[in-house]
Each structure stands twice: as C-alpha cells, then as structure tokens.
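Here's the structure, in structure tokens; my notes come after.
The values are calculated or read from the model by the stated rules, or taken from the named source; none is laboratory data. Source: prediction; values computed, not measured. Positions of Cβ are generated from backbone atoms using ideal geometry, with glycine treated the same way; all protein chains shown enter the neighbour counts.
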Amino acid sequence: MADHLAGRRIRCHGCAVPAIVLSVDQQLVAFLTDLSTGEGSYPAVKILKQPIQQMTGGAPRKNQRLVAVALYEASPTQNDHWATFHPKVVNCVTTDQRAIQRTLETISDSDCQELVDALAKIPRKTIGLHPLW
C-alpha cells in the first residue's frame, strides 16, 4: 500500500480516504486507510453502513467512488499503528458542494484502485475492520 494514504491530513486532524459503495440497498460503503502511526505499513479496509440514501448530490450507484474523512483511535497496546479508524462519507456530513469537491480532489485514481485491490483480498465483505497485514 502506498505511504501517501497515511499522510493526507485535513482539518479536524483526520485524513481523507477513498471510499466505494458496495451496496446501495444495504447502504454499505468500504473505506481504505493505512493505520500506521508513522513506521511500517498497516493497510486496512473498513466496511460500514452510511446514510448514503440522503447524501448531498443524491443517492449513489453501486461501485461509485466517494471520499470520506476519518478520525483515528489509538491502540492501548500498540504504538506503531492505530487500533481502528472512523470514516464518514463527506457527502453525508456536509452540504457544501465546494468542500466535497475539494476533498474528493485529494483522492487519486491510484488511491481508488488500491481500495478495489484491497477489497479483492477480502473474501467476505462483512461490516467491520479488515486488517490486511
């Protein structure tokens, strides 16, 4: 996983991370990040329900690429990586189209492809955190 995903800091002391809609009906979205706190690589996918039916810009389609903002939760036992992260689809937390667009522009096509590749490594796309290390 590319180191550039861990370093894209935005306001709120979080990160912008790539997201993709897995199911419109079930409102499932997958997110990718690197849980590293600076040393090593700890790629992880998190699958969560998000209120995408009411998101700014209208309901998405399956496999639509989105962007999320994520905050990180410290691990009580590890210093080299976060325990988990808490992503929210940007379109679900603001109606400011310019803010959504600016955040979306921080995610490259290669970031989105990394998420697609990471999802291929997860046999069952269940809700929760899926560490890939």
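Observations on the model:
- Residues being touching a residue at least 40 places away in the same chain (Cβ under 8 Å), more than 19 Å from PRO123 (Cβ to Cβ) and in contact with a Phe, Trp or Tyr (Cβ under 9 Å, 6 or more places away or on another chain) - total across the range 21-44: 7
- Pairs where the first residue, in the range 64-86, is without any contact (Cβ under 8 Å) to a residue 40 or more places away in the chain and within 16 Å of ALA16 (Cα to Cα) and the second is part of a strand (DSSP E or B) and aliphatic (A, V, I, L, M), C-beta under 9 Å, 6+ apart: HIS86/LEU48; HIS86/ALA70; HIS86/LEU71
- Scanning the range 28-77 for residues that are assigned to a strand (DSSP E or B) and of a type outside the set (A, V, I, L, M, F, W, C) returns THR33, ASP34, SER36, PRO43, LYS46, LYS49, ARG65, TYR72, GLU73.
- Flag for THR95 being of a type in the set (Ser, Thr, Tyr), loosely packed, with under 14 Cβ neighbours inside 10 Å, touching a Ser or Thr at 6+ places or on another chain (Cβ under 8 Å) and not in a strand (DSSP E or B): yes
- Selection status of LEU104, over 16 Å from LEU28 (Cα atoms) and surrounded by 13 or more Cβ atoms within 10 Å (Cβ to Cβ): yes
- Scanning the range 21-70 for residues that are among the small types (Gly, Ala, Ser) and under 18 Å from THR94 (Cβ atoms) turns up GLY57, GLY58, ALA59, ALA68, ALA70.
- Failed item, numbered, when ARG61 is tested on (1) more than 12 Å from ILE20 (Cβ to Cβ); (2) basic (Lys, Arg); (3) at pLDDT 95 or above; (4) over 14 Å from the mean Cα position of the chain (by Cα): (1)
- Flag if GLN64 is over 13 Å from HIS86 (Cα atoms) and surrounded by 12 or more Cβ atoms within 10 Å (Cβ to Cβ): yes
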